[in-house]
Amino acid sequence: MIDLRRLRLLHEFAARGSITAVAQALSFTPSAVSQQLARLEQETGAALLEKVGRGVQLTDAGRLLAAHAERILASVDAAEADLAAQNAVVRGRLRVGTFQSAGLALLTPALALLGSEHAGLEIEVIEADPEVTIPALLLGELDLAFVDDYERCPAASPGLDRQHLLDDGLNVVLPRGDTLAQVSEVRLADLTRRPWASGRTGSAYAEAVERACRELGGFEPRIWHRASDLLLLLGLVRAGRAVALLPDILGADQDDSVAVRPIAGHTVKREISTLVRTSSSVRPTVVALRTALAEVARSA
């Protein structure tokens with residue numbers, strides 16, 4: 001019996017060309033990818049990879065199996081989705097990956113709606129950034145993932161079905177006592193010497209903040225604090241230790257100890273969407289969750 005998870009890894013290897021690339025894309029270690037592909041060779045009784053120089057490549061058998069992999073994986077998803085759609089019963093478990101702000105502002109209210117309408121639907125929530133949840137979705141470990149695409153850092157999602165939820169603006173957030181808290185709009189160039197709080201190095205959020213400062217303000221921000229927890233970043237601003245660009249749905253404008261101001265002459269935004277595998281997009285459980293999320297987004 002071929003393990004579908006390992007078959008997904010083979011499919012990724014065929015697309016990316018190296019163990020290292022697969023490991024980086026899926027947040028695995030190279031040794032873990034190699035071990036899983038070795039197990040797949042044991043399951044099939046065929047040599048799927050062969051050494052070439054310092055790397056490996058697909059054998060004829062590996063290319064043959066990889067050619068089938070995408071169709072097999074999509075067919076399994078589609079079969080499960082069609083059976084569920086035929087029954088038209090919203091029942092079962094969904095595994096959802098979300099980043100913090102979407103989880104607080106969108107997912108938890110949607111779960112409250114679903115709790116009263118679909119008692120047979122169980123939803124498992126995992127908090128992580130899209131850099132982690134998208135690979136997990138592709139591997140079948142998640143059924144739905146939230147993504148945020150910044151207008152200056154677009155993200156591609158081949159093979160996945162995307163549903164847009166809302167556009168979320170990023171505004172300057174300052175300590176209430178900052179002199180710039182007295183103005184109606186803030187020029188990013190005026191924040192050149194301020195300490196900044198931003199996302200983890202390499203994250204889409206951090207890249208969007210740094211690019212906005214560079215392109216709209218003409219400077220590289222002095223980032224003193226980094227975290228994936230936006231509430232922590234807000235707390236650092238509240239404590240007078242930093243300024244930040246934070247998304248509207250975080251609700252910083254409800255905090256009397258900080259000032260939220262638009263960027264003078266410019267807007268920075270992100271699109272918040274959900275992704276599911278295209279072949280499972282018609283599942284009643286997926287449709288029910290997406291419907292509830294769209295209802296919450298309309299009122300956000």
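What follows is calculated from the coordinates using simple rules that are stated; it is not laboratory data. Nothing here was measured: the structure is a model prediction, and the numbers come from that model. Note that each Cβ is placed from the backbone with ideal geometry, even for glycine, and that neighbours are counted across all protein chains shown.
Quote the FRET efficiency, to the nearest 0.05, computed for Q254 versus E185 with a Förster distance R0 of 25 Å and r equal to the Cβ-Cβ distance.
Efficiency computed from Cβ-Cβ geometry: 0.80.
Provide the per-residue ³J(HN,Hα) series for the stretch 245-253, in order, calculated from phi with Karplus coefficients 6.51, -1.76, 1.60 and θ = phi - 60°, each as a whole number of Hz, with x at glycine and proline positions.
With the stated coefficients, the stretch 245-253 comes to 9, 10, x, 4, 5, 5, x, 4, 5 Hz.
Give me D for the stretch 1-60 in µm² s⁻¹, whole number, from Stokes-Einstein with Rh from the Kirkwood sum over alpha-carbon pairs, 25 °C and 0.890 mPa s.
Estimated diffusion coefficient is 215 µm²/s.
Rounding to the nearest 20 debye, state how big the charge dipole of the stretch 167-269 is about its Cα centre with +1 on each Lys and Arg Cβ and -1 on each Asp and Glu Cβ.
Using only the charged Cβ atoms, the result is roughly 420 debye.
Which of P195, A32, A46 sits closest to the plus end of the dipole of the chain, meaning its Cα is farthest towards the positive end, when Lys and Arg get +1 and Asp and Glu get -1 on the C-beta?
Ranked along the dipole, the leading option is P195.
Using modelled amide H (1.01 Å from N, peptide plane; none on Pro or chain starts), what sits under 5 Å from the amide H of R95, excluding residues fewer than 5 places away?
Here the answer is E124, D143, L144, since their amide H atoms fall under 5 Å of that of R95.
Assign unit charges at the C-beta atoms only (+1 for Lys and Arg, -1 for Asp and Glu), then state the dipole size of the chain relative to its Cα centre in Debye, rounded to the nearest 20.
So the magnitude is around 640 debye.
Please report the relative contact order for the chain, taking Cα pairs under 8 Å with a sequence separation of at least 6, and give it as a percent rounded to a whole number.
Normalised by residue count, the contact order of the chain is 24 percent.
Could you rank the peptides 234-243, 255-264 by their average count of other C-beta atoms within 10 Å per residue, with the highest value first?
234-243, 255-264
Skipping prolines and chain starts, which residues have an amide H placed within reach, meaning under 5 Å, of the one on I223, given they are 5 or more residues away or on another chain?
Amide H to amide H, under 5 Å and 5 or more residues apart or across chains, I223 pairs with W196.
Cα atoms only: what Rg and Dmax, in Å, come out for the chain?
Rg and Dmax of the chain, Cα atoms, are 22.3, 71 Å.
What Kirkwood radius, in Å to one decimal, follows from the Cα pairs of the stretch 114-216?
Computed over Cα pairs of the stretch 114-216, the Kirkwood hydrodynamic radius comes out at 17.0 Å.
Is it possible to state the helix-based mean residue ellipticity at 222 nm for the chain, with each DSSP H run of 4+ residues giving -39500 (n - 2.57), the sum divided by total residues, to the nearest 500 deg cm²/dmol? What is it?
-12500 deg cm²/dmol
Per-residue HN-Hα couplings for the stretch 233-244, Karplus 6.51 cos²θ - 1.76 cosθ + 1.60 at θ = phi - 60°, whole Hz, x for Gly and Pro?
4, 4, x, 5, 5, 4, 7, x, 9, 6, 10, 7
For the stretch 2-19, what does the Karplus curve 6.51 cos²θ - 1.76 cosθ + 1.60, with θ = phi - 60°, yield as ³J(HN,Hα) per residue in whole Hz, taken in order and with x for Gly and Pro?
7, 6, 5, 4, 6, 5, 4, 5, 5, 4, 5, 4, 4, 7, 9, x, 7, 4
Under 5 Å between amide hydrogens, which residues at least 5 positions from S228 or on another chain qualify, with H placed 1.01 Å from N in the peptide plane?
R200
In whole Å and largest first, what semi-axes does the C-alpha gyration tensor of the stretch 155-195 yield when each eigenvalue is scaled by 5 and square-rooted?
Working through the eigenvalues yields semi-axes of 35, 13, 8 Å.
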